[in-house]
């Protein structure tokens, strides 16, 4: 479990099994509190479909600092799966764990309705959460041909009727969270651009270009001082073909986004290798922009993406 540590807090893991031969009833469950960062081991039945949640709570009063979710999944007998929760940088994108077949679909358009279900926070392993503890500051907008069609205060409700036919869409989300546990990714602002037409079939998965940060961070999402190399990959939701990106840029800030400087990048295809010089004791913010060869775009700011030891 990767996290920003905080005194007086515990992680609460919830493991629920859905048993198909009993009508899909959730009749197996586990809830337990564990310290963090830590490693835990579960042995699960192959006859159930498992969904998992990890929440971080105050040890004294049980108030919740953050929560992430993983959708339903089966595990083959004799298999071993390793999973890291709250690994950073936590940002906003469609998770690779989301699928139209597991009850947790990626952003889709059904007829002339859009359902933007990618959530407000996604960790490096693809666990995600909405903004909707109602203690966060969230705003989300959907524009069709630069005309506002939805302005929403919670990510779970970022769904709306859209004009029929093909239009250019812009989706903007801005999420802020900071508490004794959540001291990184304190603000994530993302803007996506893409074209969408009325689906010919039941649905189309929306081509929202995602930023996937792949960093060798510690269990508390810190990096060593000095030279540091990581990868930024550009991905599409499951069901959409990823295409090469053009003119991607990565900028770095050490003052919570007040000023930015370009990072050294080597880009090819759908990813960039990024070299930075980490400042001891600092917190690095990231600004990433890219477009792919099909004209899908993304721009994302992550304030305090990771800390430096």
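Assorted remarks:
- Residue 146, sole failed condition from (1) without any contact (Cβ under 8 Å) to a residue 24 or more places away in the chain; (2) on the phi > 0 side of the Ramachandran plot: (1)
- Neighbours by Cβ (under 7 Å, 6+ apart or cross-chain): first from the stretch 234-254, on the phi > 0 side of the Ramachandran plot and surrounded by fewer than 17 Cβ atoms within 10 Å (Cβ to Cβ); second at pLDDT 95 or above and in a strand (DSSP E or B): 247/291
- So residue 54, is it touching a residue at least 12 places away in the same chain (Cβ under 8 Å), under 21 Å from residue 150 (Cβ atoms) and crowded, with 18+ Cβ neighbours inside 10 Å: no
- Which numbered condition residue 174 fails, given (1) at pLDDT 95 or above; (2) part of a loop (DSSP other than H, G, I, E, B); (3) under 15 Å from the mean Cα position of the chain (by Cα): (2)
- Any hit, the stretch 213-225, residues being without any contact (Cβ under 8 Å) to a residue 24 or more places away in the chain and surrounded by fewer than 19 Cβ atoms within 10 Å (Cβ to Cβ): yes
- Test: residue in the stretch 72-89 that is modelled with pLDDT under 90, assigned to a strand (DSSP E or B) and surrounded by fewer than 21 Cβ atoms within 10 Å (Cβ to Cβ): yes
The values are calculated or read from the model by the stated rules, or taken from the named source; none is laboratory data. On a predicted model such as this, the values are computed, not experimentally measured, just so you know. Glycine gets a Cβ as well: all are built from the backbone with ideal geometry, and neighbour counts include every protein chain shown.
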